[in-house]
Amino acid sequence: MKQYSEACDQNRDPILAVLKDELAGCHKVLEIGSGTGQHAVYFGKRLPHLSWQTSDVDSSHASINAWLEDAQLPNVGQPLSLDVSEQHWPDGEYDGVFSANTTHIMSWSQVITMFAGIGKLLKQGGVFCLYGPFNYNGEFTSESNERFDNWLKTRDPLSGVRNFEDLEQLARSGDMIFRQDYVMPVNNRLLVWKKQ
């Protein structure tokens, strides 16, 4: 059941370079949408000061657990069941949240509830790092992102590349202040907010 994503291997080092700085002062991080489990293992090993908590819908847990079992990292926790569209979120507070390639595969209503949940979960001064493709002022940043958006919508009409300005509005509603926009390879970005 151990699944593999080539994209995870391709983007992990640029993401890690940002996380080393942005999560330097954090202790407990929730990863939303851990997917295959590759990112959790890679980042957990290289950020040993963090307690890295994986989470995803139940159908992804087998792969995440397989990666965790092979890695045997003491600071990476087995996946929590988390469907962002549901009311039940993990107990406790976190001073960091990380999510990669999630908002464009969700419906907009799920994106809204995810940001609301993160706003409640994060401690004051906590950091939210969101990786993926984003539009700016309703415009695609590349032709490849536009093609990707079209492909997403044929698969699920409710999905699609999200506008930065819309995400920023959701973040502000959750008392999160925009901090940084990192340019990443292959027309992706890493957006960072900080909880007031």
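Quick notes on this structure:
- Test result for Arg147, of a type in the set (Lys, Arg) and in contact (Cβ under 8 Å) with a residue 40 or more places away in the chain: no
- Across the range 169-179, the qualifying residues are those that are surrounded by 15 or more Cβ atoms within 10 Å (Cβ to Cβ) and in contact (Cβ under 8 Å) with a residue 24 or more places away in the chain, and the one among them that is farthest from Gln110 (Cα to Cα) is Met176.
- Only residues that are out of contact with any Pro (no Cβ under 7 Å at 6 or more places or on another chain), outside any strand (DSSP E or B) and of a type outside the set (A, V, I, L, M, F, W, C) were counted across the range 171-193, and they come to 4.
- Between Ala66, Ala24, Ala62, the distinction of being modelled with pLDDT of 95 or more, more than 20 Å from Cys129 (Cα to Cα) and either exposed (fewer than 15 other Cβ atoms within 10 Å of the Cβ) or of a type in the set (Val, Ile, Thr) (or both) belongs to Ala62 only.
Residues are listed down the side, and each one gets a yes or a no for (1) under 13 Å from the mean Cα position of the chain (by Cα); (2) buried (at least 19 other Cβ atoms within 10 Å of the Cβ); (3) of a type outside the set (A, V, I, L, M, F, W, C):
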| residue | (1), (2), (3) |
| --- | --- |
| His39 | yes, yes, yes |
| Gln78 | no, no, yes |
| His88 | no, no, yes |
| Ser99 | yes, yes, yes |
| Met114 | yes, yes, no |
| Trp151 | no, no, no |
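- Residue satisfying all of: in the range 99-113; out of contact with any strand residue (DSSP E or B) (no Cβ under 7 Å at 6 or more places or on another chain), assigned to a helix (DSSP H, G or I) and not small (Gly, Ala, Ser); farthest from Asp149 (Cα to Cα) among these: Thr113
The values are calculated or read from the model by the stated rules, or taken from the named source; none is laboratory data. As the structure is a prediction and not an experimental result, all values here were calculated from the model. Every residue, glycine among them, receives a Cβ derived from its backbone with ideal geometry; neighbour counts consider all protein chains shown.
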